[in-house]
Amino acid sequence: MIKNNWIYPVICLASLNALLLGQAPLFFSCLLIVCLLRLWCLHQPALLLVSGLVLGLGGCRFWLARCAYEQPVRPNNQVYKIQPDTIKVAGDRIQLMAQGQTDNQLLVCYYRCQSPIEKRQWQRIQQPLLLAGDIELERIARATNRNEFDYAQFMGQQKRCFYQANLMDGTVFRPIPPQGWRDRFHLLRQQALIYLRQLPPALRFHAEALLCGVQESDGQSYQNVLGQLGIIHLLSLSGLHVFYLVTIIRRLATLCRIPREWVNVSLFGLLPVYALFVGGGTSITRAIGLILLRLICEVSHFQQSRLDSWSWVLLVNLFWQPYLLLSMGGLLSYLMALGLIYQRQSGAFATAFWLGLLSLPVCLRFNYRWHVLTILINGLIAPLFLPFMLGLIVVAIGLWPVSHTVVWLEEGLLTTLYKGLAWVATFPYATITFGKIQLIPLFLIVVVTLWLMATTSRRAKFGWWAVISLYAISFIGIHFNPVGRVIMFDIGQGDSLLIQQPFNQHNLLIDTGGRLALRQKKWQRRPIVSRAEKITVNYLYSCGIDHLEAIALSHQDIDHIGDLDKILHHIRVKRLICAAGLPQNQQFQRQMRSHLKTVAIEPYLAGQHFMIGHQQINVLAPVTAGPGRNADSLVLQARIGGASWLFTGDLEKAGEVAIVDRYPQLRVDYLKVGHHGSQTASDPQAIAAWQVKGALISAGRHNRYGHPHPATLRTLKRANVPFWNTADCGMLEWQYGFGQVPIIKTTLKDCV
């Protein structure tokens, strides 16, 4: 009676979930209404009753989850327990997941070890630890730039962890014996991880990811290669390896003539234990839930469709993890499982091809880029990747104590495979920067793709045209956006601004930001992604931008041009604009050595100008060539969207007064405050002469320089100039064109 119709209550529940969690309310309201009308038209009272009950309970569950996320309770513990398998060691930094012993709240802690001996001790801990005493807690910092990965949101929604603590040197950790089955279970998992860490790097990373659900930072290079090719889901994202493991167990049992009933009973006990062993990841719980449901139906002789099984597992998981479908992993896991149900064409290549096509819009939503060979590679690699990888891992685990030679041969084979994939990933012009696809076209593409997977009708060609049209409309909407912007990135203690012209054809980046890298010993080093990659490059990709007309460099300081090499590595740049004298700076020459053949360097002095598309940028300083100090800062002025903008780098007061003297008619609507708001800049005479209407300050939170200085803020207040500071407001955005109101928009909503 309700067979194959459980999909409708689940879609209603997912729509209500998104609606109550604040995701596209208008769209999901319409989707919920449509699904409810469909349920009514089925004329099945039992299904309507169940749907109403599910929606009522789901509404309460999701509302409580949203309240818990938006207003988390501050941990109030004096004693925290740290399980050994939650300890992550990267260089000299230790990340610990501590659980309060009174309220069970999670707390992420960071600790810096002092010696390689201490580091090895942390890597081999096999006991729970107690952390006692007063700990200074702070909220996990949220993302402060548009489209930046929000670690605080991820931890709050997926881990229910809202606070962190930086532990000082001398913090006392007291080891205790395991207490209860949970402690022993964590200890068993830690022992398995310690054994796997003996394997060579590539085998270790894949063994930890597939068998234990752990992805260490030293495996970032492998993830990057798979991510560039759009096949990151192969790392257990779909949970397919669980089905392979179950198949292996059953075949071994058949060879050993063990009755099938005994195997089923064993799986009932083993699969939930394995789900806990790998940390209860989304793909694992989905796969194990489907297998357990299939076993229940087999034992009870109950016939249930694959679609209904999928619906039941998703329904249960939504109650358990309300934010499940807001993550890329959760969304892709269930979508690909649904694709396997709808797939009608036989063959491993055809299945992998369709799953790659189905996952594409989701990948574009979160990763913004598409490799033109993704679907082909997915079809060739996906059918063999997991069996091949599991075979290598099983052999390596079994032979490591006996023969290191065979294991290192496997490591060489795996390394060669990744070198080949990396070579394919770097094909010139093979990666298309699509941009962040919007929710409605994503939903429509997924629906039409599922229909194409299921249909054998001659009308399928209309479906193909619909998919192509949706991609084309989305691409045009992203790449030819008529809105122009001036962006000040919240890059920390540094400067980085983007002048983004309408239709995304000509864009200028002013400075790149950067941090001084302290010299470290080898054991202290850990993989670090620069702020330019996490923030600037990520934002450009989300807007469909993979090239810049130019980058203007104000002067030599690390906090202004330190990440130039990172930008040039990811973004094609035609030319570098700088002050005359900077190209002779030795530090600058070292940074540009590998890019001289691809980027033109153009030095300028005051009185000159250059063009970015149809936009004229005037150079107001320096007057003479210098080595690139603050006083030699490249000062740029442009009229953007009807407003006059002035970008002063780290120019000091004397230089500002000199500009006033040289350009007495200059008026400034928006000023990029010099030197991050230091008292060495923002001369009151200059502020008054320019008649500034708004000031933007780029400064890092809690920076050691005290920027912006109170004297600078007093100068702005006395001149009645409103100001915005990235340390308080996050990324600052000013839009113009296409009916936009020219006001400064902040990223942090609580910014005053």
Tell me, please, whether a residue that is in the same structural domain as Leu292 (by TED's automatic domain parsing), more than 20 Å from Trp451 (Cβ to Cβ) and buried (at least 20 other Cβ atoms within 10 Å of the Cβ) can be found in region 334-349. no
In region 370-419, what count of residues is obtained for those that are assigned to a loop (DSSP other than H, G, I, E, B) and under 28 Å from the mean Cα position of the chain (by Cα)? 2
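Taking strands (runs of 3 or more DSSP E) that do not extend beyond region 12-110, which have at least 2 residues that are touching a Leu at 6+ places or on another chain (Cβ under 7 Å)? Explain how you work it out, then say what you get.
Values: elements: 79-82, 88-90, 93-100.
Those strands (runs of 3 or more DSSP E) span 79-82, 93-100.
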Checked region 177-215 for anything touching a residue at least 60 places away in the same chain (Cβ under 8 Å) and farther than 17 Å from Val278 by Cβ; matches are Asp183, Gln198, Leu199, Pro200, Pro201, Ala202, Leu203
Failed item, numbered, when Gly279 is tested on (1) closer than 30 Å to Val79 by Cα; (2) touching a helix residue (DSSP H, G or I) at 6+ places or on another chain (Cβ under 7 Å); (3) touching a residue at least 40 places away in the same chain (Cβ under 8 Å): (2)
Counting residues that are crowded, with 16+ Cβ neighbours inside 10 Å and more than 32 Å from the chain's Cα centre (by Cα), which helices (runs of 4 or more DSSP H) fully inside region 629-744 reach at least 3? 653-662, 684-690, 710-718
Give the residues of region 376-390 that are free of Cβ contacts under 8 Å to residues at least 40 places away in the same chain and surrounded by 14 or more Cβ atoms within 10 Å (Cβ to Cβ), sorted by residue number. Leu376, Gly379, Leu380, Pro383, Phe388
Does Arg531 qualify as being over 14 Å from Ser698 (Cβ atoms) and of a type in the set (Lys, Arg)? no
With Gln198, Gln153 as the choices, which residue is under 30 Å from Cys729 (Cα atoms), at pLDDT 90 or above and out of contact with any Gly (no Cβ under 9 Å at 6 or more places or on another chain)? Gln153
By residue number, the members of region 115-147 that are in contact (Cβ under 8 Å) with a residue 60 or more places away in the chain and of a type in the set (S, T, N, Q) are Gln123, Gln126, Gln127, Thr144, Asn145, Asn147
Checklist (1) outside any helix (DSSP H, G or I); (2) at pLDDT 85 or above; (3) of a type in the set (D, E, K, R); (4) loosely packed, with under 15 Cβ neighbours inside 10 Å applied to Lys436, failing item: (4)
Across region 555-604, the tally of residues that are over 24 Å from Ile491 (Cα atoms), more than 31 Å from the chain's Cα centre (by Cα) and outside any helix (DSSP H, G or I) stands at 10
Check Gly607 against each of (1) part of a helix (DSSP H, G or I); (2) loosely packed, with under 15 Cβ neighbours inside 10 Å and name the one condition it does not meet. (1)
Restricted to region 148-194, and to residues that are in a loop (DSSP other than H, G, I, E, B) and under 16 Å from the mean Cα position of the chain (by Cα), which residue is nearest to Gln83 (Cα to Cα)? Asp150
Is it the case, given these coordinates, that Pro482 is within 30 Å of Gly642 (Cα to Cα) and assigned to a loop (DSSP other than H, G, I, E, B)? yes
Which numbered condition trips up Gln164, out of (1) touching a strand residue (DSSP E or B) at 6+ places or on another chain (Cβ under 7 Å); (2) closer than 24 Å to Gly213 by Cα; (3) modelled with pLDDT under 90? (3)
Looking at region 41-55, is at least one residue closer than 19 Å to Gln321 by Cα, surrounded by fewer than 12 Cβ atoms within 10 Å (Cβ to Cβ) and out of contact with any Cys (no Cβ under 6 Å at 6 or more places or on another chain)? yes
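This table checks each residue for (1) among the small types (Gly, Ala, Ser); (2) under 33 Å from the mean Cα position of the chain (by Cα); (3) within 18 Å of Trp312 (Cα to Cα).
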{"position": "Leu252", "(1), (2), (3)": "no, no, no"}
{"position": "Arg257", "(1), (2), (3)": "no, no, no"}
{"position": "Ser266", "(1), (2), (3)": "yes, no, no"}
{"position": "Leu292", "(1), (2), (3)": "no, yes, yes"}
{"position": "Leu295", "(1), (2), (3)": "no, no, yes"}
{"position": "Glu298", "(1), (2), (3)": "no, no, yes"}
Options Leu245, Leu226, Leu210, Leu199: the member that is under 20 Å from Leu390 (Cα atoms) and either not assigned by TED's automatic domain parsing to the domain that holds Ala287 or not in a helix (DSSP H, G or I) (or both): Leu199
Output for Cβ contacts, cut-off 7 Å, separation at least six or different chains, first residue free of Cβ contacts under 8 Å to residues at least 40 places away in the same chain in region 545-573, second outside any helix (DSSP H, G or I) and among the acidic types (Asp, Glu), reads Ile571/Asp546; Arg572/Asp546
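The values are calculated or read from the model by the stated rules, or taken from the named source; none is laboratory data. None of the values given here were measured: they were computed from a predicted structure. Neighbour counts are summed over all protein chains in view; Cβ atoms, including those assigned to glycine, are modelled from backbone coordinates with ideal geometry.
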